Amino acid sequence: MATRRELPADVAAAFDRAPEGRDRFAALPADQQAAWLDWIDRARGRRARAGRIDELIRRLLPSSAAVTEEEVAEPAGPPPERYWWLWLVLLLLLVVGGLLGWYFLSRGSDKAVVPNVIGLREQQAAIKIHDQGLDVLARTAPSNRPPNVVFAEKPGPGTQLGKGQTVTIFVSSGRLAVPNLVGLQEQQAVQKLQTLGFKVAVKRVASTHPKGIVIDQEPTAGVTAVSGTTVTISVSSGVKPVVVPRVVGQTQGDAVQALTKVGLEPVLQNVPSDKPAGTVVGQKPPAGKEVDKGSKVTVNVSTGTGPATTTSTTTATTTTTASTTTTAAGPVRVPRVAGLAQTPALRRLNTLGLHPTVVYVRSSQPANRVVSQSPAQGTTLRRGSSVRVNVSTGPNPQPNASVPNVAGQDQAAAVQSLRDAGFKVAVLNRPTADQSKDGLVVEEQPHAGSSIPGGSQVTIFVGRFTG
């Protein structure tokens, strides 16, 4: 049985103005009262609600004073909701939907989807695009892809275009072999490189060769590189070079005198060392190197403070004429590097005197992360031993490229060569007792000639003379 509800304030106020209506409403069954109140509550807006309250009062009051009480019937429930406007909205939606459907269906024949042509040869790619009713514009650019192969397209595959619109495809010019330029005149060398699509950097050097003759180049002849790679040519200045004298072991004053005597400019730099204060413990360029007159020579002078330098002893064997070198340092334990990024992992091994060997492997792990190592963590090795480090290529590696040989080059030249070949470069220092290797690349990982994904990291180890 329905419960009688309390009248809302606005309904009660209306009944105060029409007491007879309130009495008739009170006489209605509870379910009819609830139906009227629900009908009023469903009104949208204040004006519509007031209209429904007036309609309730009108139906409760007698229509004429002449009507007898016996002829006045109890008012029925509230009038039905009028949803005609909802049907009108639905009709409008159907009309709009039909018009949109007609529009897109009628224009469907004028649209085309750009196909994926990356990896195809230029002619095959053009045919595939033309089959979709699209035009083709081919542009040639350097790439690690073989010559005449599409390595990019714009807009990308899957894009919807109107038929007759143009898709630009980028066709690889391939990698070219750097020509031999040594012995050519500077102008001839520059013209030859520019004709092949290479950029040129000229470096003037002292030499006994005639002025303007190319005496060296980087990259060397025969190395393959993409079009646009910078080739540095060393051109003779025609000035007789000066041979850098050896000043390591001399006092600061004697070293300065020896360098200025041959026309070189000493640059003094104090460094911590266990050698007596004022003693030269290093120099750059090293002794014996030919440089221009007036060139600067950095001289490392001991401050007399610093850790003792680890020395090596050489003992001759009784069975061969070769000598073996042993270090005073003892064995080391292999640290855990699996899970680290490549550079921190290699730095950790290099600091302990171990030589990391980098091998790129396919893996779903992020690119450049060490996925495994050999020997395992905790293994005891002698300093100088190799530790294999397997590095992830990532889930979507670029096409492979060959690592150029940069061993023996100075740091700047090595970095430029590797970047020109499409690789990222990390630099780590490695102590060396050989002064001639100071500042030069003594090792690269992965090693020269390795085929690794383009854009991967190559780490170079630069020798630092320890005295």
Next on the checklist: So if a site counts as exposed when it's one of the GluC sites (Glu not before Pro), its DSSP state isn't H, G, I, E or B, and it has at most 11 other Cβ atoms within 10 Å, what's the longest stretch of the chain without one?
Outcome noted: 82-467
Checklist entry - Which entries in Lys192/Lys289; Lys203/Lys437; Lys199/Lys240; Lys240/Lys293; Lys240/Lys296 show an alpha-carbon gap greater than 19 Å? => result Lys192/Lys289; Lys203/Lys437; Lys199/Lys240
Checklist outcome for this item: Taking a straight Cα-to-Cα line shorter than 19 Å from Lys284, and setting aside same-chain aspartates and glutamates fewer than 8 residues away, one finds Asp254, Glu265, Asp292, Asp410, Asp434, Asp438
Checklist entry - Per residue, how much accessible area does the chain have with a 1.4 Å probe, in Å²? => result 58 Å²
Item to check | Efficiency of FRET between Gln194 and Thr343 - r from beta-carbon atoms, R0 25 angstrom, step 0.05 | outcome: 0.10
Checklist entry - Working from the pairwise distances between different alpha carbons, so that the mean of 1/r is found and then inverted, what is the chain's Kirkwood radius in Å? => result 31.5 Å
Checklist outcome for this item: Note to self, the chain gives a 222 nm [θ] from helices alone (DSSP H runs n ≥ 4, -39500 (n - 2.57) apiece, / all residues, nearest 500) of -8000 deg cm²/dmol
Item to check | Percent carbon-and-sulfur accessible area, the chain, ignoring ligands, DNA and RNA, probe 1.4 Å | outcome: 53 percent
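The values are calculated or read from the model by the stated rules, or taken from the named source; none is laboratory data. Only a predicted model underlies this, so the values are computations on that prediction, with no experimental measurement involved. FYI the Cβ positions are ideal-geometry reconstructions off the backbone, even for glycines, and counts take in every protein chain you see. Remember, those area values only see protein heavy atoms, side chains included, never the ligands or the DNA or RNA. Shrake-Rupley method; radii C 1.70, N 1.55, O 1.52, S 1.80 Å.
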